[in-house]
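Input: a single structure, listed below in structure tokens.
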Amino acid sequence: MTDVINPATGSVLTSVPGMGLEETDAAIERAHKAFESWRTVAPGDRARLLRRFAAVVDAHLDELADLEVRNSGHTIGNAKWEAGNVRDVLDYYAGAPERLSGRQIPVAGGIDITVHEPLGVVGVIVPWNFPMPIAGWGFVPALAAGNTVVLKPAELTPLTALLLGELALEAGLPEGVFTVVPGKGSVVGQRFVTHPAVRKVCFTGSTDVGKAIMAGAADQVKRVTLELGGKSANIVFADADLEKAAASTPSSVFDNAGQDCCARSRLLIQDSVYDEFLALLEPAVRAFRVEDPSRPTAEMGPLISAAQRRSVSAYVDDADVAFRGTSPDGPGWWFSPTVLLARSTDDRHWREEVFGPVLSVLPFRDEQDAVRLANDTEYGLSGSLWTRDVGRALRVSRAVETGALSVNSHSSVRYWTPFGGMKQSGLGRELGPDALLSFTDVKNVFIATED
């Protein structure tokens, strides 16, 4: 049994049993058996079941959001968005089964067609920082393409995934089509990698674990989608709307207490406006509301655990602190939003993913210097740039090595557009109109028409 802790209070919410190897194998076998019938469900009927699942999730939005606030420490505003995102992703991909079409390719002597065949059982391994939406980004397109899914939630945050598993059955999905398997990554997650019936693994988490999964999957030539770490840059040019850029910067890095692989944790400011921008940023950071996440005014809640707070604190010790925000005293894993001045690009807080509410700041000279500094990292997941010059926006967007970049905004994820990283931030793309293709094999069929 694993105790589930409320990070805002440090108190135990409940205990969840962790599945062992036998239970994991049994869940995978049920999913494998269910695949044979699920893959043959007519596309329109599969679509109707996904729409029904979306409707059931919609009816339980408040319950899901409240559970996430207590289990993950997310603000109630974020948690409602996250539950709504699961519903929206279900609705979006409910339209996909009837549109998963192949091609007719002109050939001599007959007709050649392609069809998209589902892979089989898909294992989805979900992190603790965004338990609901990241689960949906994996299991929904997999189901829409005709696969069955076994999903392992993070040990720290299993509650909303377990509820989603119940809601799937309530919506009418057959037993074994979507199964939630709580437990340790070294047991459940590793079995997804080694079990031959699991034909693909979707993993979101640390780069080191992602590398291990990729290496393990090679033994069976098993497909993987990996969404890993990030150290994204927020680049502010002198010609930008500085007030708007400064006002939006805190949420770009402190949202979800900085526990976001898309967090713009490196702030690059053009040297001619460096002091001016920091003067605009300081009051925005100090005003960022860190409080009880169940309050509608909360902009940031606690870190997920005591261990995470120790890890984040180690980056701030001995660093050059420019200024900090505030956070509650008392129980819970609270940490104040913190802005650090980087002495050089060798500073640990500049180079490593802190995964906490810590922003590192460095000036740059010109466009070329900004691109050089932004790309000086092993990661390439997201990022932002601020400028009024359209030509510069296009040049820099193409030059920065990252999978998702926003100009004059901080958006990273829309369920109708692709999401994923470059370099060591991951492999493959989630979401968008083509997500189903990564859950299928392309089969080529030639039909001879000549004697």
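The 3J(HN,Hα) values that the Karplus relation (6.51, -1.76, 1.60; θ = phi - 60°) gives for the stretch 201-210 are, in residue order, 10, 9, 10, 10, x, 6, 5, 4, 5, x Hz. Gly and Pro appear as x.
Relative contact order for the stretch 1-67: 17 percent, from Cα pairs under 8 Å spaced at least 6 residues apart, divided by residue count. Straight-distance candidates among the lysines for linking to Lys80, with alpha-carbon spacing under 26 Å and chain neighbours fewer than 8 residues away dropped: Lys152, Lys244. Computed over protein heavy atoms with a 1.4 Å probe, the accessible surface of the stretch 225-342 works out to 36 Å² per residue.
Our coupling estimate for the stretch 248-262, obtained by passing each phi through the Karplus curve with A = 6.51, B = -1.76, C = 1.60 and θ = phi - 60°, is 8, 4, x, 5, 5, 10, 9, 4, 6, 6, x, 8, 8, 5, 8 Hz, Gly and Pro reported as x. How far is helix 390-399 tilted, in degrees, relative to the longest principal axis of the Cα atoms in the chain, given as a value from 0 to 90 rounded to the nearest 10? The angle comes out near 60 degrees. Dividing the summed helix terms, -39500 (n - 2.57) for each DSSP H run of n ≥ 4, by the number of residues in the chain produces a 222 nm estimate of -11500 deg cm²/dmol to the nearest 500. Ranked by the mean number of other Cβ atoms within 10 Å per residue, highest first, peptides 204-210, 13-19, 231-237 order as 231-237, 204-210, 13-19.
Mind checking the angle between helix 61-72 and the chain's longest principal axis? C-alpha axes, 0 to 90 degrees, to the nearest 10. Computed tilt is about 60 degrees.
Within 10 Å, count the other beta carbons around each residue, average over each peptide in 437-450, 213-226, 186-199, and list them highest first.
Per-residue Cβ counts within 10 Å, averaged per peptide and sorted highest first, yield 186-199, 213-226, 437-450.
Cα centroids of the stretch 229-253 and the stretch 376-403: 12 Å apart. Taking a straight Cα-Cα cut-off under 14 Å and skipping sequence neighbours fewer than 8 places away in the same chain, the aspartates and glutamates within cross-link reach of Lys443 are Asp112, Glu117. The angle between the Cα long axis of helix 43-59 and the main principal axis of the chain comes to about 40°, on a 0 to 90 degree scale.
When each of the peptides 278-291, 95-108 is scored by how many other beta carbons lie within 10 Å of its residues on average, the order from highest to lowest is 278-291, 95-108. Of all DSSP bridge pairs formed entirely within the chain, close to 40 percent run antiparallel.
The values are calculated or read from the model by the stated rules, or taken from the named source; none is laboratory data. The shown structure was predicted, so the numbers you read here are calculated from the model rather than taken from an experiment. Don't worry about glycine lacking a Cβ; one is built from the backbone with ideal geometry, like all the others, and counts go over all protein chains shown. Surface areas here come from the heavy atoms of the whole protein model, side chains and all, with no ligands, DNA or RNA. Shrake-Rupley method; radii C 1.70, N 1.55, O 1.52, S 1.80 Å.
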